[in-house]
Each structure stands twice: as structure tokens, then as C-alpha cells.
Amino acid sequence: MWIIDSFVWIDYFNGKVTPQTDLLDTAPVQREIGLGDIILAEVLQGFRCQEDFEAARDALLRFPVFTTGGVEVALKSAENFRRLRRQGITVPKTVDCLIATFVIETDFSLLHSDQDFDPFEEYLGLRVVR
């Protein structure tokens, strides 16, 4: 399962062509894809036009949406944040820490375009779609 991060979805909905949006474009044929509830919120909150919001909501809800929070993920996310901090790395966004931890714990892979996930890959074993 590929979890698609919010920046990739945002680029996709804005018609921006990137290596990640190209992968997303072909992913449903090749792989099963999904997103986290936090990602769903991040993507949808950016729409200004109600019609665009509804179209994006309907499109995204065709994919599995996973609960990425909860006590277990929150605790493990805090541990991961602390592990990275001991390496001299500060994760700037709690949301990214939660998403990365969820993906690691579920043994999924993450399609992203956000360098904030790189330490999770390098130090904590986050699987990334290339």
C-alpha cells in the first residue's frame, strides 16, 4: 500500500507535473493507494471554491482513508521524534512525525515530495516510493 502525502495530492489537484504526481497518476493501475485522515484534512482545507472542495473530497474518498493517530501512534511518534532529536535532527511538524510513524508502523510506503520525511527514511526505516 502506498500512502500519498498531502503535498503530492496538492500538486496533483493543482495540475503540477512532478515525478511524484506522475507516479500517482499511474499508481491505481499498479498499486493500491490510500491516505491518512490527517492528510485528507490537510489537502481539503486548502480549497477555496466549494465545488472544487466537493470534487476533491469525492475523489479522495474513493481511496482507503486510515486513522493515522490514536494513542499507540502518538506514543511511537513521540519516541521517533526523540530518537531523531538525539541524532541532532528536529522534525519541524508534528503532523509529519505522525504520518511517518503511521507509515512505518503499518509497513506501508510513502509517496512524498517533502524533505522533512528524509530523516525518517534514513534513520527509522520509512519506506519511500521512488
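The values are calculated or read from the model by the stated rules, or taken from the named source; none is laboratory data. These numbers were taken from a predicted model, which means no experiment stands behind them. Because the Cβ atoms are built from the backbone with ideal geometry, glycine has one as well, and the counts that use them run over all protein chains shown.
Could you say whether any residue in the stretch 56-74 is at positive phi and either of a type in the set (D, E, K, R) or outside any helix (DSSP H, G or I) (or both)?
Residues of the stretch 56-74 at positive phi: 70.
Next, only the ones that are either of a type in the set (D, E, K, R) or outside any helix (DSSP H, G or I) (or both) stay: 70.
Yes, the stretch 56-74 contains a residue that is at positive phi and either of a type in the set (D, E, K, R) or outside any helix (DSSP H, G or I) (or both).
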Item to complete: Output the number of the condition that Glu54 fails; it satisfies all remaining conditions of (1) touching a strand residue (DSSP E or B) at 6+ places or on another chain (Cβ under 9 Å); (2) surrounded by 12 or more Cβ atoms within 10 Å (Cβ to Cβ).
Response: (1)
Discussion item. I'm trying to understand the selection: among the residues of the stretch 6-23, which are hydrophobic (A, V, I, L, M, F, W, C) and either assigned to a loop (DSSP other than H, G, I, E, B) or within 11 Å of Val43 (Cα to Cα) (or both)?
Written reply: Phe7, Val8, Trp9, Ile10, Phe13, Val17
Worksheet entry | Close pairs from the stretch 35-64: first free of Cβ contacts under 8 Å to residues at least 12 places away in the same chain, partner among the acidic types (Asp, Glu), Cβ under 7 Å, at least 6 apart | none
Practice prompt. Sort out which residues of the stretch 85-128 are over 10 Å from the mean Cα position of the chain (by Cα), touching a residue at least 40 places away in the same chain (Cβ under 8 Å) and surrounded by fewer than 19 Cβ atoms within 10 Å (Cβ to Cβ), and write them in order of number.
Written response: Thr106, Tyr123, Leu124
Fill in: Close pairs from the stretch 1-20: first free of Cβ contacts under 8 Å to residues at least 40 places away in the same chain, partner buried (at least 20 other Cβ atoms within 10 Å of the Cβ) and in a helix (DSSP H, G or I), Cβ under 8 Å, at least 6 apart
Ser6/Ile39; Ser6/Val43; Ile10/Val43; Tyr12/Thr21
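Looking at Glu79, Glu72, which one is charged (D, E, K, R), surrounded by fewer than 19 Cβ atoms within 10 Å (Cβ to Cβ) and more than 20 Å from Asp118 (Cα to Cα)? Spell out how you get there, then give the answer.
Values: Glu79 fails: more than 20 Å from Asp118 (Cα to Cα).
Every option except Glu72 fails the conditions.
Matching residues to (1) of a type in the set (Phe, Trp, Tyr); (2) out of contact with any strand residue (DSSP E or B) (no Cβ under 6 Å at 6 or more places or on another chain):
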{"position": "Asp11", "(1), (2)": "no, yes"}
{"position": "Ala27", "(1), (2)": "no, no"}
{"position": "Leu35", "(1), (2)": "no, no"}
{"position": "Ile39", "(1), (2)": "no, yes"}
{"position": "Phe47", "(1), (2)": "yes, yes"}
{"position": "Asp58", "(1), (2)": "no, yes"}
Item to complete: Within the stretch 101-121, count every residue that is within 16 Å of Thr67 (Cα to Cα) and among the acidic types (Asp, Glu).
Response: 2
Discussion item. Criterion first (among the β-branched types (Val, Ile, Thr), modelled with pLDDT of 95 or more and within 16 Å of Gly125 (Cα to Cα)) does Ile3 satisfy it?
Written reply: yes
